[in-house]
1. Of the numbered conditions (1) among the aliphatic types (A, V, I, L, M); (2) in contact with a strand residue (DSSP E or B) (Cβ under 7 Å, 6 or more places away or on another chain); (3) not assigned by TED's automatic domain parsing to the domain that holds Ala208, Leu66 fails exactly one; give the number of that condition.
2. Any residue in the range 243-264 that's at positive phi: show its pairings with residues that are not polar (S, T, N, Q) and not in a helix (DSSP H, G or I) at Cβ separation under 9 Å, as long as the two are six or more apart or on different chains.
3. Can you find even one residue in the range 124-145 that is touching a Gly at 6+ places or on another chain (Cβ under 6 Å), surrounded by fewer than 20 Cβ atoms within 10 Å (Cβ to Cβ) and of a type in the set (Lys, Arg)?
4. Filter the range 194-229 down to the residues that are assigned to a loop (DSSP other than H, G, I, E, B), over 27 Å from the mean Cα position of the chain (by Cα) and of a type outside the set (A, V, I, L, M) and list them by number.
5. Within the range 94-119, track down each residue that is among the aliphatic types (A, V, I, L, M) and not in a strand (DSSP E or B).
6. I'd like the residue in the range 149-167 that is touching a Gly at 6+ places or on another chain (Cβ under 8 Å) and in a loop (DSSP other than H, G, I, E, B) and, out of all such residues, is nearest to Ser213 (Cα to Cα).
7. Count, please, the residues in the range 257-279 that happen to be more than 11 Å from the chain's Cα centre (by Cα), surrounded by fewer than 22 Cβ atoms within 10 Å (Cβ to Cβ) and either outside any loop (DSSP other than H, G, I, E, B) or not small (Gly, Ala, Ser) (or both).
8. Please find, among Gln254, Gln248, the residue that is part of a loop (DSSP other than H, G, I, E, B), at pLDDT below 95 and outside the structural domain of Ser165 (by TED's automatic domain parsing).
Amino acid sequence: MQEVIIIGSGPAGLTAAIYAARAKLDPLVIEGLDAGGQLMLTTMVENWPGYRDGIMGPDLIAELRLQATRFGSQIITGNVDNVDISSSSIKVQLGETLYESRSLIISTGASARLLGLPAELKLMGHGVSTCATCDGFFFKERPIVVVGGGDSAMEEAIFLTKFASHVTVVHRRNVLRASKIMQDKALNHPKISFEWNTELSEIKDREAGKVTSVILRHVDSGLLKELSVDGVFVAIGHNPNTSLFAGQLDLDKQNYIKTKNGSLTSRPGVFACGDVQDPVYRQAVTAAGSGCMAAIDAERYLEALPTPGNAKAG
C-alpha cells in the first residue's frame with residue numbers, strides 16, 4: 001500500500017514528487033513511455049526562473065527527475081492501463097502489476113493538437129511550436145504563420161506581433177471562431193494578415209532542420225501557394241489526457257479535471273495538477289506550482305485520516 005501515487009512526470013508531477021518525498025510520503029511516480037511531458041518537445045526554455053541563460057527542455061526535466069529521486073521518490077516507466085478510485089483504496093493497473101494507494105496525484109498533462117504533417121514533429125522546437133509564450137522571443141523580426149481560428153489562435157497571433165516582423169493567420173474557414181473582441185483586435189492589427197479558406201499542407205525544410213517556408217492549399221480551388229516564413233505556431237487547441245478518469249471524476253466541457261480548494265478533485269484523496277486541470281495558463285512554472293500544491297494537499301489529507309501510522313512531514 002502506497003501513501004501516494006503520482007501519474008505523470010512533467011514539471012507538475014516531478015515537483016509533486018519532490019514535495020511528497022521531502023514529506024516522507026515515499027511517492028511512487030509512474031512516468032509514461034513518453035516521459036517528461038511537453039518540455040521534451042521543446043528546445044530552449046528561457047522563462048523558467050533561476051536559469052538566466054535558459055535551459056533545454058529535456059535538461060530541465062532531467063534535473064527535476066534527479067531532484068525527485070534524491071529525496072526518495074521511486075520512478076517507474078510505463079503507461080497506466082486502468083485506474084479505479086471507486087473503493088476506499090485507489091487501484092492503479094500498470095501491465096500485470098496492481099498498485100494500491102491511499103492518495104493519488106494526477107499530472108498526466110495535455111497534448112497539443114497537431115496538424116499531422118510529416119515535418120511537424122521533426123521540426124518541433126526548430127521553428128515549429130505550440131506555445132507563443134514559450135517560443136515567441138526566438139522570432140524577433142522574422143515572419144511567422146499561426147494556424148487556427150479560435151481565441152487561442154488570435155491570442156497567440158496578437159502576442160507574437162511583439163516579436164515577429166509579420167504574422168500570417170491561416171484558417172480553413174472564411175470566418176473566425178474567436179470571440180468578437182479577439183477577432184477585432186486581430187483583424188485590425190497592422191502586423192497580422194489572414195489566409196482564408198486555406199490549409200497548411202506542408203512545412204519546409206526537414207532536411208535543413210529548420211522552417212524555411214510553408215505550402216498553403218486553398219480548400220475550395222485546391223490551388224497551392226508557397227509562403228516564406230521562419231516559424232509555424234499551431235494553435236488548434238489541446239486535449240487533456242483524462243481518458244483514464246472519464247466517468248470517475250468531474251470534468252469540464254473540454255474534459256479538463258475540475259479542481260477546487262487548491263488541487264482537490266471531486267473524489268477525496270485524489271488531486272490534480274498541471275495542464276490536466278489548467279486550460280488557461282499552460283506554463284511549466286504554473287504546472288510546477290500546482291504540483292507543489294497537490295503534494296501539500298495530499299500530505300494534509302493523509303495526516304487527517306484516522307488510520308494509524310500516517311506519514312508525517314519531515
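1. Just one mismatch for Leu66, condition (2).
2. Asn255/Pro240; Asn255/Ala246; Gly262/Phe271
3. Checked the range 124-145: no residue is touching a Gly at 6+ places or on another chain (Cβ under 6 Å), surrounded by fewer than 20 Cβ atoms within 10 Å (Cβ to Cβ) and of a type in the set (Lys, Arg).
4. Filtering the range 194-229 down to residues assigned to a loop (DSSP other than H, G, I, E, B) leaves 196-197, 205-212, 219-223, 229.
Narrowing further to those that are over 27 Å from the mean Cα position of the chain (by Cα): 196-197, 207-208, 219-223.
Across the range 194-229, the qualifying residues are Trp196, Asn197, Glu207, Asp220, Ser221, Gly222.
5. Taking the range 94-119 as the starting set, the residues that turn out to be among the aliphatic types (A, V, I, L, M) are 94, 98, 104-106, 110, 112, 114-115, 117, 119.
Within the range 94-119, Leu114, Leu115, Leu117, Ala119 qualify.
6. Ala164
7. Count: 6.
8. Values: Gln248 fails: at pLDDT below 95.
Going through Gln254, Gln248 in turn, the sole match is Gln254.
The values are calculated or read from the model by the stated rules, or taken from the named source; none is laboratory data. If you're wondering where the values come from, they're calculated on a predicted model, not measured in any experiment. Reconstructed Cβ throughout: ideal geometry from the backbone, glycine too, with neighbour counts over all protein chains shown.
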